[in-house]
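What follows is one structure encoded as structure tokens, with my remarks underneath.
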């Protein structure tokens with residue numbers, strides 16, 4: 001019963017935001033974002049703690065403004081999610097653009113927008129707890145040929161995609177646990193990070209590129225940025241090479257977060273998993 005209630009509640013929110021003018025939808029999303037910021041105190045405390053860990057030199061006012069910006073951008077992303085069923089190459093032309101797409105075309109990495117433009121991919125995702133919402137969200141993800149690879153079947157799905165010469169998108173900025181994750185430096189602190197991407201890339205020779213969809217205030221539109229291929233060295237020590245390659249991925253992610261700090265999910269407990277014997281940070 002609860003699962004169905006949550007599903008219909010989300011649909012009641014999603015459908016109107018998908019059809020009203022974008023500016024009005026964003027204003028509604030801003031109100032929802034401020035309400036979430038004020039009412040969801042546990043998530044806000046996580047965000048405040050993460051900002052203390054990542055930017056200890058910043059003053060409290062700056063951190064508050066940054067965290068509020070995170071909620072605002074989450075609201076705007078909700079608006080875009082609600083409109084995705086109506087996305088076409090034509091009506092997104094002035095709203096989304098790519099930068100560094102030549103890197104993608106060379107290595108064949110893509111995203112939701114690239115599936116819309118004719119370059120579908122596989123995406124490694126975590127199942128939502130609500131099965132109905134999980135099916136709904138995945139239906140939108142796969143509208144233009146994308147397919148999902150579930151996190152609990154990560155290795156098999158990724159290797160299958162690699163053998164087929166397919167592109168796969170993987171989130172590298174979420175908390176993991178050993179043995180799926182290894183500890184690398186992230187904002188000056190050990191963070192348990194998925195090492196599967198590095199291991200598969202080192203084994204298969206698959207190209208790895210950083211990709212980020214970001215709101216560019218000066219342009220007033222989203223830009224899908226693709227960086228150049230990350231080149232992983234092989235010394236013959238598989239574990240050391242996987243650790244070094246995972247560190248490269250984490251460093252590339254951190255670099256982009258520092259450029260757009262209000263567009264990263266600071267309310268995620270990124271440093272939850274700690275090395276053995278180290279006290280928790282939350």
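The values are calculated or read from the model by the stated rules, or taken from the named source; none is laboratory data. The model shown is predicted, which means the values in this text are computed figures rather than measured ones. Glycine also receives a Cβ, built like all others from the backbone with ideal geometry; neighbour counts cover every protein chain displayed.
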Could you list, in sequence order, the residues of the stretch 16-71 that are assigned to a helix (DSSP H, G or I) and over 23 Å from residue 215 (Cα atoms)? 38, 39, 41, 42, 45, 46, 49, 52, 53, 60
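Here is a yes/no grid of residues against (1) modelled with pLDDT of 95 or more; (2) in contact with a helix residue (DSSP H, G or I) (Cβ under 9 Å, 6 or more places away or on another chain); (3) over 27 Å from residue 45 (Cα atoms):
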residue: 203; (1), (2), (3): no, yes, yes
residue: 206; (1), (2), (3): no, yes, yes
residue: 212; (1), (2), (3): no, yes, no
residue: 218; (1), (2), (3): no, no, yes
residue: 223; (1), (2), (3): no, no, yes
residue: 229; (1), (2), (3): no, yes, yes
residue: 239; (1), (2), (3): yes, no, yes
residue: 244; (1), (2), (3): yes, yes, yes
residue: 264; (1), (2), (3): yes, yes, no
Residue that is surrounded by the fewest Cβ atoms within 10 Å (Cβ to Cβ), among those in the stretch 203-218 that are touching a residue at least 40 places away in the same chain (Cβ under 8 Å) and farther than 17 Å from residue 70 by Cα: 204
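For the stretch 88-107, which positions are in a loop (DSSP other than H, G, I, E, B) and closer than 27 Å to residue 207 by Cβ? Talk me through it step by step, then tell me what you get.
Quick first cut of the stretch 88-107, residues in a loop (DSSP other than H, G, I, E, B) only: 88-95, 100.
89, 92, 100 - these are the residues of the stretch 88-107 that are in a loop (DSSP other than H, G, I, E, B) and closer than 27 Å to residue 207 by Cβ.
Select from the stretch 231-245 the residues that are in a loop (DSSP other than H, G, I, E, B) and surrounded by fewer than 17 Cβ atoms within 10 Å (Cβ to Cβ) and list them in ascending order. Reasoning before the result, please.
Narrowing the stretch 231-245 to residues in a loop (DSSP other than H, G, I, E, B): 231-237.
Scanning the stretch 231-245 gives 231, 233, 234, 235, 236, 237.
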Subset of the stretch 176-202, residues free of Cβ contacts under 8 Å to residues at least 60 places away in the same chain and buried (at least 16 other Cβ atoms within 10 Å of the Cβ), comes to 193, 194, 195, 196, 197, 198, 199, 200, 201, 202
